[in-house]
Amino acid sequence: MDIILKGGHVVDPANNVDSGSDVLIKGDKIAQVGKNIKANGAKTIDCKGKLVFPGLIDMHTHLRQPGREDEETVLTGSRAALKGGFTSLLCMANTSPVIDNKGVVEYIRVEASRAGLINVYPAAAVTKGLEGKELTEIGQIAEAGAKALSDDGKPIMNAEILRRALEYAKMFGLLIISHCEDTNLSRNGVMNEGFISTKLGLKGIPRASETVMVMRDIELAGLTGGKLHIAHISAKESVEAVREAKKRGIGVTCETCPHYFTLTEEAVLGFNTKAKVNPPLKTKEDVASVKKGLSDGTIDAISTDHAPHSVEEKDVEFDFAASGMIGLEFALSLANTELINNKILDWSGLVKKMSVNPAKILSLHGKGSLAAGSDADITVFDPSAEWIVDEKRIESKSKNTPLAGRKMVGAVLVTIVGGKIKYENGKFN
């Protein structure tokens, strides 16, 4: 069935479109973008007063399957993604068993096909068992359909191992996504080191734990010419290091997450384990630096680092609580509030961070664009809609977010994947 999105404001930075237009979908492809398109027999969706842009792409999601289906599955994570306007996501390898071989990569692809909701791309591990000692069979993993390599959740402490990984991954056109943390500095730490950690009597993690590894990995990318992407950047010095590396012509990209431009370490006050993340929330100065990095292009992408955890893992003493929060359903609304409404980014800039750039970085051909012939993955967003985060209405299987009860501005109305309406006005198809 053909679909026409009528009268919306189309934001398609890949094709320099930022104006009122219609979008015609035929089959699973974009057929036409323009004014006053006529399409007899097509299903019409009224988008007047709404924004229409390429489907969002999350480069950093934890789906927990296989192994922790009590926290999340490919199906439940896909539903959360649709509600948040995401049509594609890259799922991290720290599952049980680890996504470190061809068989588990293929398993994820089968589960995604069975769910039949969004595009799910596996990120396989850089090292076997995430142990940082022995490289995975990168060629076989690439052949099986992995789009990137990452030991996310654990850093690769051995610089020689990461060097060889960058060299081998380059041969197969794969990206290395680096979790930058020096565990010799962060060991036993549970939040950002500073006044608040001292006040609460909690072991702090110095910001250098992140930044020294960002700097090391940048140098290794320069040495090897490999494709390096730095995950969940949170510290002022890290943003500055990436900015300088790009000036030097080193092929590095990076991402941040909504909680790093929305929350500070003060969210931990009261020993709020739902605000415990890794890397930890930092200061107002770091938040300002992250926003500047988004504004000036230093930070290429906004990812969620959606990290579901059970109540049992979060409702314990702060020292023992798991790190991470869910984010798929809230990312776009938070970006609307913190970045658009505060004029850090315009809509074209935000769509670049959440769709166009992730598609380029991951080499997802046909994604991140509304050009004729592109995949019909589309998000329709109402930037003025208001809603309250209600744990009972969260689609993710886990509810670990510090945003419960918060008023959100901006809501996804329609999510289309492959030319099919998968989510519309709060209902899944």
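If you go through the range 3-19 one residue at a time, do you hit one that is in contact with a Cys (Cβ under 8 Å, 6 or more places away or on another chain), surrounded by fewer than 22 Cβ atoms within 10 Å (Cβ to Cβ) and among the small types (Gly, Ala, Ser)? Yes, because at least one residue in the range 3-19 is in contact with a Cys (Cβ under 8 Å, 6 or more places away or on another chain), surrounded by fewer than 22 Cβ atoms within 10 Å (Cβ to Cβ) and among the small types (Gly, Ala, Ser). Of LYS399, LYS422, all but one fail to be in contact (Cβ under 8 Å) with a residue 24 or more places away in the chain, surrounded by fewer than 24 Cβ atoms within 10 Å (Cβ to Cβ) and either assigned to a strand (DSSP E or B) or among the aliphatic types (A, V, I, L, M) (or both); the exception is LYS422. Taken over the range 188-214, the residue count meeting the criterion of being touching a residue at least 24 places away in the same chain (Cβ under 8 Å) and outside any helix (DSSP H, G or I) is 9. Against the test of being under 18 Å from the mean Cα position of the chain (by Cα) and at pLDDT 95 or above, the options ILE344, ILE361, ILE388 yield a single qualifying residue, ILE361. Restricting attention to the range 231-252, the residues that are closer than 12 Å to PRO279 by Cα and of a type in the set (A, V, I, L, M) add up to 3. Applying the condition of being more than 20 Å from the chain's Cα centre (by Cα) and of a type outside the set (Val, Ile, Thr) to the range 73-110 and asking which residue is surrounded by the most Cβ atoms within 10 Å (Cβ to Cβ) yields ASP100.
Within the range 364-412, being out of contact with any strand residue (DSSP E or B) (no Cβ under 8 Å at 6 or more places or on another chain) and either over 17 Å from GLU424 (Cα atoms) or of a type in the set (Gly, Ala, Ser) (or both) holds for HIS365, ASP390, GLU391, LYS392, LYS397, SER398, LYS399, ASN400, THR401, PRO402, LEU403, ALA404.
Of the residues in the range 178-189, not one is within 25 Å of the chain's Cα centre (by Cα), assigned by TED's automatic domain parsing to the domain that holds ARG216, under 29 Å from PRO308 (Cβ atoms) and aliphatic (A, V, I, L, M).
Residue-by-condition table, conditions (1) free of Cβ contacts under 8 Å to residues at least 40 places away in the same chain; (2) more than 15 Å from GLY418 (Cβ to Cβ); (3) not in a strand (DSSP E or B):
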| site | (1), (2), (3) |
| --- | --- |
| HIS9 | no, yes, no |
| GLY20 | yes, yes, no |
| ALA31 | no, no, no |
| THR44 | no, yes, no |
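From the list ILE141, ILE205, the lone residue that is of a type outside the set (S, T, N, Q) and more than 25 Å from VAL290 (Cα to Cα) is ILE141. Within the range 152-170, is even one residue touching a residue at least 40 places away in the same chain (Cβ under 8 Å), under 21 Å from ARG64 (Cα atoms) and of a type in the set (Gly, Ala, Ser)? Taking every residue of the range 152-170 in turn, at least one turns out to be touching a residue at least 40 places away in the same chain (Cβ under 8 Å), under 21 Å from ARG64 (Cα atoms) and of a type in the set (Gly, Ala, Ser). The helices (runs of 4 or more DSSP H) found wholly in the range 282-351 and carrying at least 3 residues that are outside the structural domain of VAL412 (by TED's automatic domain parsing) and farther than 20 Å from LEU51 by Cβ occupy 284-295, 311-314. Within the range 237-258, the residues that satisfy the criterion of being crowded, with 21+ Cβ neighbours inside 10 Å, out of contact with any Gly (no Cβ under 7 Å at 6 or more places or on another chain) and part of a helix (DSSP H, G or I) are SER238, ALA241, VAL242, ALA245.
The values are calculated or read from the model by the stated rules, or taken from the named source; none is laboratory data. Remember, predicted model here, so these are calculated numbers, not experimental data. Neighbour counts run over all protein chains shown; Cβ positions are idealised from the backbone, glycine included.
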